[in-house]
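The values are calculated or read from the model by the stated rules, or taken from the named source; none is laboratory data. In this text, all values refer to a predicted model and were calculated from it rather than measured experimentally. In this analysis, Cβ positions are derived from the backbone assuming ideal geometry, glycine residues included, and neighbour counts consider all displayed protein chains.
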Amino acid sequence: MKYLITLFLLAQLAIYARYTEAQVTNWESSPLNYQNSPLNYQNSPLNYQNSPLNYQNSPLNYNSTNGVYDNNGNRIGYQTQSPSGVTNVFDNNGNRIGYSPNKRNQ
């Protein structure tokens with residue numbers, strides 16, 4: 001019985017290690033990197049360039065070129081690029097919902 005429990009635990013550990021290994025990212029893509037962090041002012045909606053109050057980011061601006069749309073054509077947000085090259089994705093209320101790291105450093 002001890003042998004079966006040990007074997008079971010080792011199998012679970014192997015499965016866990018296999019899936020966690022695939023989730024490792026490099027530092028340039030990591031959300032812990034300050035360049036990608038929402039705590040960085042360049043990525044913050046408090047920065048007017050990223051704010052939904054900026055007419056360029058407003059859903060009321062029908063000529064906007066930075067809108068993000070779902071598969072049904074509904075505008076779900078907008079994207080901006082920081083001076084460091086990080087592309088930030090915000091919902092229509094200005095909440096940061098994603099990012100793409102600077103491609104020049106990779």
Pairs, please: C-beta under 8 Å, at least 6 apart or cross-chain, first residue hydrophobic (A, V, I, L, M, F, W, C) and in region 18-36, second surrounded by 10 or more Cβ atoms within 10 Å (Cβ to Cβ) and modelled with pLDDT of 65 or more? W27/N33
Output the qualifying pairs, or none if there are none: Cβ atoms under 6 angstrom, residues six or more apart or on different chains, first residue in region 49-76 and under 17 Å from I97 (Cβ atoms) and among the aliphatic types (A, V, I, L, M), second residue surrounded by fewer than 15 Cβ atoms within 10 Å (Cβ to Cβ) and at pLDDT below 90. none
